[in-house]
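Only one structure is covered here, and it is reproduced in the block below.
The values are calculated or read from the model by the stated rules, or taken from the named source; none is laboratory data. As the structure is a computational prediction, the values presented were derived from the model and not from experiment. Cβ: placed from backbone, ideal geometry, glycine included. Neighbour counts: every protein chain shown.
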Amino acid sequence: MKIIFVLNHFLPSQTAGTEVYTSSLCGQLQQHGIEVKVVIPYYGKTESADYLYDELTVHQYSEPSIVDRSLIMGFRVPDGLKNFKAYLNKEQPDLIHFHELAGSNGITLKHVQAAKATGARVIMTFHLAGYSCKTGTLVFRGESLCNGEIDLRKCSTCYLHSRGYTNAAYYLTGASSILYKLSIDTSKWRNRVGTALGTVPILAKLNTDLKTLVSSCDRIVAITEWYQKVLQTNGIDPNKISFIPQALPLDNVSDSIVNKAVHSPLRLLFLGRINKFKGLHLILEALKAIDTSLVSLSIYGNSDDEAYEQEQRIKTENQSNVFWGGKLEQKDVIPIMRKHDILCLCSTFSEMSPLVIQEAFAAGLPVIASNVYGNAEQITHAENGLLFKFNDVEDLRRQILKCINHPDLLNDMAKKITPPRSFKDLASDYLELYKSILN
């Protein structure tokens, strides 16, 4: 069996959840004697290249496209698509497994269709919610959780709101709906007004593209139950969806926790990307009204929003109980976690299935997290962690104070943590799926 995995980026140049997931899956499959390779775009290059990462061959196909409005809007295909096709035709894989799509010059729906045209079996694993939500957050107008159903008027208003049309979103949606009914697609106009008035057709295309993506795959994989339900809500055939739950690509998972030491001050941990979506600002705001002698916060992670990080650093300049630790190597994550009492994950959007929760559980660490779908599927309130109301600083503060005022609570929650399942089991699930599709 020969399988090619398709992503927009890969290790070591980008180390995020999808890349780690794919690398770990490939490693497990190699142990079963499966031939696996990874293919990614080689952005801005006119020649293709290969490299070896951890005994895994990674092919970078030439992708020289100049990114302009016509490419972003999907009016033309990426220049490198022909190089992607040529690589697949040369390799002749049995199965092609996509892990993400992107706009402009990344992996697109056209790549999935090209893969299907080779005669190979095609699978897509959904790691993000953006395939059914134009904002990618599943948060309506930035205020409340959305049920995920694609509704042209509702989704258009929400998308326009996210693009800065706070007051005009409702009126622009109305105008766009009328133009859409008249078959006038202003998104083809080469200006901002045309794009705004073309929002309803853009959302209609999102819906169509989701259906086309699914029909172009032999099977799609949901890694959470909540997103499996979202797909079904949008009319996807349940028989086309396989549910393969998240796992942790580490061997040093924790055994049951007994009598976890309680410390004073309470040692909070933030570990993740330093950007507004991960909600570091919510923790810092919540800590303002708590005595610094009662709690400390360690911040680890790399920034993908320099301005945001600088803003948060300025806020903490005079806070002696806040420590900035920088980026962590993967091997250091679990040991660092074990030096803290509880992880804070203050997501301001509906994450799919945050790997950091699994890492915390592997370290025997309870989690305080915002009550969004991906967090709530892994955390049971007051059992293995605490959930606070979405975007609610006061409720977050209440949960932190609960840990300070009731120190035994941490120990009780730690004892109820179930160690995450291994990637060996996840790979076995995929292997069974691959064989069933090929047979």
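Let's see how each residue does on (1) of a type outside the set (S, T, N, Q); (2) within 30 Å of residue 222 (Cα to Cα); (3) out of contact with any Ser or Thr (no Cβ under 8 Å at 6 or more places or on another chain):
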position: 363; (1), (2), (3): yes, yes, no
position: 382; (1), (2), (3): yes, yes, yes
position: 387; (1), (2), (3): yes, yes, no
position: 390; (1), (2), (3): yes, yes, no
position: 395; (1), (2), (3): yes, no, yes
position: 406; (1), (2), (3): yes, no, yes
Can we say residue 123 is touching a residue at least 40 places away in the same chain (Cβ under 8 Å) and more than 17 Å from the chain's Cα centre (by Cα)? yes
From 16, 49, which residue is more than 30 Å from residue 185 (Cα to Cα), among the hydrophobic types (A, V, I, L, M, F, W, C) and modelled with pLDDT of 95 or more? 49
Single condition residue 242 does not satisfy, out of (1) among the hydroxyl-bearing types (Ser, Thr, Tyr); (2) touching a residue at least 12 places away in the same chain (Cβ under 8 Å); (3) under 30 Å from residue 188 (Cβ atoms): (3)
Among residues of region 303-337 being part of a loop (DSSP other than H, G, I, E, B) and among the polar types (S, T, N, Q), the residue surrounded by the fewest Cβ atoms within 10 Å (Cβ to Cβ) is 318
Looking at (1) under 29 Å from residue 145 (Cα atoms); (2) over 22 Å from the mean Cα position of the chain (by Cα); (3) of a type outside the set (Lys, Arg), which one does residue 379 not meet, given that it meets all the others? (2)
Filtering region 208-232 down to residues that are within 20 Å of the chain's Cα centre (by Cα) and assigned to a helix (DSSP H, G or I) yields 209, 210, 213, 214, 225, 226, 227, 228, 229, 230, 231, 232
Exclusive hit being in contact with a Pro (Cβ under 8 Å, 6 or more places away or on another chain), closer than 30 Å to residue 379 by Cα and modelled with pLDDT of 95 or more, set 223, 236: 223
Kindly establish whether residue 187 is assigned to a helix (DSSP H, G or I), touching a residue at least 40 places away in the same chain (Cβ under 8 Å) and not assigned by TED's automatic domain parsing to the domain that holds residue 87. yes
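May I ask you to say which residue of 411, 439 is modelled with pLDDT under 95, of a type outside the set (Asp, Glu) and over 21 Å from residue 267 (Cβ atoms)? First the steps, then the outcome.
Values: 411 fails: over 21 Å from residue 267 (Cβ atoms).
Among 411, 439, only 439 is modelled with pLDDT under 95, of a type outside the set (Asp, Glu) and over 21 Å from residue 267 (Cβ atoms).
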Which of (1) modelled with pLDDT under 95; (2) crowded, with 19+ Cβ neighbours inside 10 Å; (3) of a type in the set (Val, Ile, Thr) is the odd one out, the single condition residue 193 does not satisfy? (2)
Picking from 145, 152, the residue that is hydrophobic (A, V, I, L, M, F, W, C), farther than 25 Å from residue 7 by Cβ and more than 19 Å from the chain's Cα centre (by Cα) would be 152
Could you list, in sequence order, the residues of region 11-36 that are more than 18 Å from residue 301 (Cα to Cα) and charged (D, E, K, R)? 35
How do the pairs read when you match residues in region 66-87 that are outside any loop (DSSP other than H, G, I, E, B) with residues anywhere that are aromatic (Phe, Trp, Tyr), using Cβ under 7 Å and keeping only pairs 6 or more apart or on different chains? 83/61; 84/61; 87/61
